[in-house]
Every structure is written in structure tokens, then in C-alpha cells.
Amino acid sequence: MQYWNDHDPFETARRQDGTLDIHADGETIPLVLRHSDVRQAAKDWETFSSDAPFRVPIPAETAVRSVRQLPIETDPPAHSQFRALVNPFFRRPRSPEMAAQVQDLIDELLDHAFRQESVEVVHEFALPLQSRALTLLLGMPMSEAEEWISWGTSMFYDENVAGDEKGNMLHQYLERQFDRAASKPGDDFFSALSQAEIDGRPLNRAEMLGFGNLAFAGGRDTVITVVSFALAHLASSPGDLASLRDNPKLTISATEEIVRVSSPLTMIGRQCPHGTSVHGHPVQPGSRAALCWASANRDETIFEDPKSVRLDRSPNPHFGFGSGIHSCLGANQARLILRTLLERVSHRASTLTVQSLVPHMEKWPEYQRQVGYEKLEITFDAR
């Protein structure tokens, strides 16, 4: 059974033109494909701006949310000011205390997995892990995770529920939490924002909601994707499972390599306020280009044998967490979860076996690529 479709849909265009046009939201959007070009564009926020509410994601999220996500949909100097307000929470994964708590979460999930004949990893392992770890990051009671788990693997997109309905569900939840924080503040994420100031004034409710929206929507499906990919890879590559067991320090480079290969976020949009050209493809003022992380992470001029998973790959200048000033706010959290998962699974499991899988394919008229799994059933055998 092939556990992962390693086809690189951007390979030919990256080598030939360095760009690929896609069509979304009534626009023709050139994807920046080469590693060097993506890195340069990510630094050039004046040409490739994130100050574009709802239009940084592609497709645009105008139909599923009503607030600007903060800090990601701003540029300097506002971006730095907004980011500083929440940095104390997103630095928590660096603490030994949180590392121990995440290890406990993973061990509890593994205990359950070892008792079962098999586990559907996406919904029964990765989603609960992401949600419960988020309570630690945000300083919320663990019981809150049960409601977050009920929302599913994507905050806005669900084949059974309309995007605007799911977006409204999140909006109402955030409103309740900020109302609670205003009347009875504590030490949690919502309370900190309800008391925060910027430019000498309190945050307004829309700004608070913008932070909350990103916290719940920004790293949800991406963390689930890399956790599921990691478990599927270890099931299909017992040699790598053994290598991690024999050399626990390998988990550091292995974490980066798994993020690179899985590339859970294909691309991110940038609005070009003054217009520009991407390898001869004109972008009109106010229109968008996109930085294609997934293509840059397979650039054969940077990564030798880029389709292969090499747990000891070094250096590994991947863009799995973005690049430049807008690099992923939740990178510390994702790294902690994945690094701890690799260490605990390799320490406690003798083998993993994929029983069945359904890949999740990202489908555009111009390309298709696998981004995680719809379902992934694995048997966990304890040592």
C-alpha cells in the first residue's frame, strides 16, 4: 500500500518558468515556485503585502469569517505590535512544564491506541491531540477541548456543513469567551486580549476576534496533517522508527523533515498594492500573487532527492512554517507536538501498521496534490 502520493505537481513549471498561474476568486494568481524567489518575496512585504483582510488565504475567506485575522493579515509596523501582544502564549511550548504536559497527552493517546485493534488516526488521535494541546497553549481548561474536537478537522471547510455556518459557530464561541473574560478575567488567552492595549488604547472587539479566529483556524488542519503523515511514515518505514528509537536526538531534524515533505499549507496569498511581475507574469495593482511553500520545499536546487524523507537531513531550509516576518506564529507549538510524538512513539511502539487510508487531495484545475488524509487507520503494537 502506498501511504503517500509523492507526485510534485509544480516540478515542471518550477524548472521551466518559475511560476504557475491558477484561477481563484475571479483572479489569475501566479504562484511563486522557486525556493530563492519565495524567500525573497516573503521578505518584500511592501511588494507582496499581507495587509489584505480575508484575501491572504486562497480561496479568499470572505464567506466564512467577518474579521481580519491577526496578526497575519497586517504588515509592519502594525504586525510587530499585534504579534507582541500574544507572543507570551505562543512561546509557552518552549517551557519544560508544557513539554511535560504535551508528553502526558501523547502517552494517554498511545495508551488508548495500544488497547485498540486499530485507530483511525486523523479523527481519533491527531484531532484530539491538536485540540488538547491547544488548551495548554491558551491557558484554557482541558474540558474545552471536547467542544473544539466536535468542530472537526477544518474550521471552515466541511463537506457536511456550509462554511459560513461553521464560521459563525466559531464566531459565536469567541464572542462568549470574550464576554466571559470581560466579566471574569483570568490568566487565559481571551482574558489577556480583553485587557491588552495597542497604541495606548484597548483592543476593540473585532481585533480580539481576529486573534481568536487565527488561533483556532490557523494551525488546526496543518498540525493534524503533519501528525498523521508522521505516523503513516513510521508505519511504512520501520527502519526510521528504529533509528529514532536508537537515537532520540534525531527527532529534532526528523521534525523539520516531516514538515518539509508533508508541506501542510500549499500556498499563501499576497496582495500587490503597486503591482509587480512574477517571471514575466504581470500582477495588476491590488491583485494577488501567491508564495507556494509546497513547491519551494521540493526545489531540487536546494534539497537533494527532495521527494525522499531523510530524517537526518541537514541543513533543511524548508518553508513549512513560512518565512520572513509573517513566519508561523504557532511554529513552537507544532514543533513541540511533532517532536514529542516522534520520541514517544519510537520509544513505546514496536511496529505501526497502516490498515487502510483515504488521501485528502487538494484539487485545482491547474494542479492536484495530496495534503494529509481523509482517513488513516493504523494498528499500534506496543514494545
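Each Lys and Arg Cβ is given +1 and each Asp and Glu Cβ -1; about its Cα centre, the chain then shows a dipole of about 740 debye.
For the Cα trace of the chain, dividing Rg by the Kirkwood Rh returns an Rg/Rh value of 0.95. Here r is the Cβ-Cβ distance between SER143 and SER356 and R0 is 45 Å; the resulting FRET efficiency, rounded to 0.05, is 0.90. Between ASP199 and THR62, the simple spin-label model (points 7 angstrom out along Cα→Cβ) gives 2.5 nm. The stretch between HIS347 and SER253, if pulled fully straight at 0.36 nm per residue, gains 32.1 nm over its current Cα-Cα span. The string of couplings for segment 362-368 from the Karplus curve (6.51, -1.76, 1.60, θ = phi - 60°) is 7, 10, 10, x, 8, 6, 9 Hz, one whole number per residue in order, with x for Gly and Pro.
Given the peptides 60-73, 254-267, arrange them by the average over their residues of other C-beta atoms within 10 Å, most packed first.
Ranked by mean Cβ neighbours within 10 Å, highest first: 254-267, 60-73.
For segment 258-383, the spread of Cα positions along the three principal axes, ordered from largest to smallest, is 59, 31, 28 Å. Measuring between their Cα centroids, segment 279-309 and segment 189-264 lie 22 Å from each other.
Hey, can you rank 231-238, 30-37 by average C-beta count inside 10 Å, highest first?
So the order, starting with the most tightly packed, is 30-37, 231-238.
Shown here is the pair-distance distribution of segment 102-248: with all Cα-Cα distances grouped in 10 Å bins from zero up to the longest one, the shares run 10, 34, 30, 17, 8, 1 percent.
Diagonalising the gyration tensor over the Cα atoms of segment 173-245 and scaling each eigenvalue by 5 before taking the square root yields semi-axes of 40, 12, 11 Å, largest first. The modelled label-to-label distance between ASP179 and SER118, using points 7 Å beyond Cα along the C-beta direction, is 4.5 nm.
Residues whose amide H lies under 5 Å from that of ILE22, counting only those 5 or more places away or on a different chain, are ILE29, LEU31; hydrogens are built 1.01 Å from N in the peptide plane. For LYS375, the residues 5 or more places off, or on other chains, whose built amide H falls under 5 Å of its own are VAL358.
FYI, it's all coordinate maths here, none of it is from the lab. Keep in mind it's a predicted model, so treat the numbers as computed, not measured. With ideal geometry, Cβ positions are generated from the backbone for all residues, glycine too; neighbour counts draw on all protein chains shown.
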